[in-house]
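K.L.:
One structure is given below, represented as structure tokens, and several questions about it will come after.
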Amino acid sequence: MAISGMYGGDLVMMQEAQIRLAIFTWLEDQSMLFDDILPWSLLQHGFSYRGQQISLVGQQGIWKPRVFKSIPLSIRTSPKGPYNDGLTDDGLLHYKYRGTDPNHWENAGLRQAGVEGVPLVYFHALSPGKYVVAWPVFIIGEDRANLAFTVAVDDKQHIQSDQLVSEEADVHRRRYITASFRVRLHQKVFRTRVLEAYRSQCAFCQLRHAELLDAAHIIPDSDPEGEPIVSNGLSLCKIHHAAYDRHFIGVSPDYQIIVRDDLLHEIDGPMLRHGIQEIHNKRLILPKKQVEKPNRDRLALRFEQFRKAM
């Protein structure tokens, strides 16, 4: 349902709809600025709408700014929260009630959002103070036995669309978009945790600009052993990530960096000399926590592939 028409003649609700649209536009800009990972301080401070400061999050996971009458603006997961938010069996999002009372005003507000087709914002915590955002999301079901709502991500063109679409088409589209969001979410979670473990530096060259760093998989995520866990990752700058993926550089199970033999004898510019050749036989920069260090068995498998490619 179109956000511009879902509130009928209620002037207050129409104003809320306009604020939601302004928030969605603001989130688009901030997501580009912060590379999709938004800090808590930014969200809590919010943005100014016609001279009024509107916070996008609060201490409660279900957040309704004061300017809104009854329907919340956003829902949020916490990295160490008390609720088991996750995925439903059919691949949608599972969001737990506030407490156990279905009629608590926050739960009632989400229920109303579902009935009226009001779009919300979903903030998923990657780590303390860092969030990936999705909008619009819709409450499309409720499981009272398990004290939870079912949430689907939709695409932005359906916030205001007046186009008539069958309910079945809505379901298929939203499942596909939600699945795509889950993939993006897993990638962001993996990157955030790997970079934090390596203190935001390249494990080969110590470059410390996070914008130029990737979370490289030791065993690719397409492989059954390629789990998105820190011990299957390396924090690498984009040049070294590409070199590692293409077997220009390998890492032995004892954390030694090995450059392919033909590259060691090649003559080229300073990038090859300083960026590739000079890291040969150096030790990998490692996380401080033992559990986050690269798994030696995975390194051995990947190093064997590197040796075959030499």
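K.L.:
What are the ³J(HN,Hα) values, in whole Hz, obtained from phi via the Karplus relation 6.51 cos²θ - 1.76 cosθ + 1.60 with θ = phi - 60°, for each residue of region 251-256 in sequence order, with x given for Gly and Pro?
P.N.:
My calculation for region 251-256 gives 10, 6, x, 9, 6, 9 Hz in order.
K.L.:
Looking only at region 11-193, where both bridge partners belong to it, what percent of the DSSP beta bridges are antiparallel (to the nearest 5)?
P.N.:
Among the beta bridges of region 11-193, antiparallel pairing accounts for roughly 90 percent.
K.L.:
With each label point set 7 Å from Cα along the Cα-Cβ vector, what nm distance links Leu286 and Ala210?
P.N.:
2.5 nm
K.L.:
Which one is right for this structure if P(r) over Cα pairs in 10 Å bins from 0, in percent is calculated from it: (i) 5, 23, 31, 25, 13, 2; (ii) 5, 23, 27, 23, 14, 6, 1, 0; (iii) 6, 24, 26, 19, 14, 9, 2, 0?
P.N.:
From the options (i) 5, 23, 31, 25, 13, 2; (ii) 5, 23, 27, 23, 14, 6, 1, 0; (iii) 6, 24, 26, 19, 14, 9, 2, 0, the structure gives (iii).
K.L.:
Sorting check: for 193-205, 142-154, which peptide has the highest mean count of neighbouring beta carbons within 10 Å, and how do the rest follow?
P.N.:
Going by the mean number of other Cβ atoms within 10 Å, highest first, we get 193-205, 142-154.
K.L.:
Is region 11-193 rounded, prolate or oblate when judged by the Cα gyration tensor, a ≥ b ≥ c being the square roots of its eigenvalues, rounded requiring a/c under 1.5 and prolate requiring a/b larger than b/c?
P.N.:
rounded
K.L.:
Let me ask something additional. Would you work out which of Ser180, Pro287, His240 lies farthest towards the positive end of the dipole of the chain? Charges go on Cβ: Lys and Arg +1, Asp and Glu -1.
P.N.:
Result: Pro287.
K.L.:
To continue, here is another question. From the phi of every residue in region 132-141, what ³J(HN,Hα) in whole Hz does the Karplus formula 6.51 cos²θ - 1.76 cosθ + 1.60 yield, where θ is phi - 60° and glycine or proline is x?
P.N.:
Along region 132-141, the couplings run 9, 10, 9, 7, x, 10, 10, 7, 10, x Hz.
K.L.:
Same structure again: By per-residue mean of other Cβ atoms within 10 Å, what is the highest-first order of 118-124, 105-111, 300-306?
P.N.:
118-124, 105-111, 300-306
K.L.:
Moving on. Output the pairs from Lys238/Lys288; Lys156/Lys293; Lys96/Lys293; Lys288/Lys308; Lys130/Lys293 with a Cα-Cα distance over 29 Å in this structure; if there are none, say none. Could the numbers behind the result be given before it?
P.N.:
Values: Lys238/Lys288 23 Å; Lys156/Lys293 40 Å; Lys96/Lys293 34 Å; Lys288/Lys308 31 Å; Lys130/Lys293 23 Å.
Pairs exceeding 29 Å: Lys156/Lys293; Lys96/Lys293; Lys288/Lys308.
K.L.:
Another question about this same structure. Suppose every K and R has +1 on its Cβ and every D and E has -1 on its Cβ; what is the size of the dipole of the chain about the Cα centre, in Debye to the nearest 20?
P.N.:
Approximately 1060 debye in magnitude.
K.L.:
Taking the DSSP beta bridges in the chain as the whole, what percent of them are antiparallel, to the nearest 5?
P.N.:
Bridges in the chain that DSSP calls antiparallel: roughly 90 percent.
K.L.:
Sticking with this one: How much mean residue ellipticity at 222 nm does the chain get from its helices, if each DSSP H run of length 4 or more adds -39500 (n - 2.57) and you divide by all residues, to the nearest 500 deg cm²/dmol?
P.N.:
-10000 deg cm²/dmol
K.L.:
Could you give each residue of region 50-57 its phi-based ³J(HN,Hα) in whole Hz, using Karplus coefficients 6.51, -1.76, 1.60 with θ = phi - 60°, and x for Gly or Pro?
P.N.:
6, x, 10, 7, 10, 7, 9, 9
Rule-based calculations on the coordinates, nothing more; no lab input. What you see is a predicted model, and the numbers here were worked out from it, not measured in a lab. In this analysis, Cβ positions are derived from the backbone assuming ideal geometry, glycine residues included, and neighbour counts consider all displayed protein chains.
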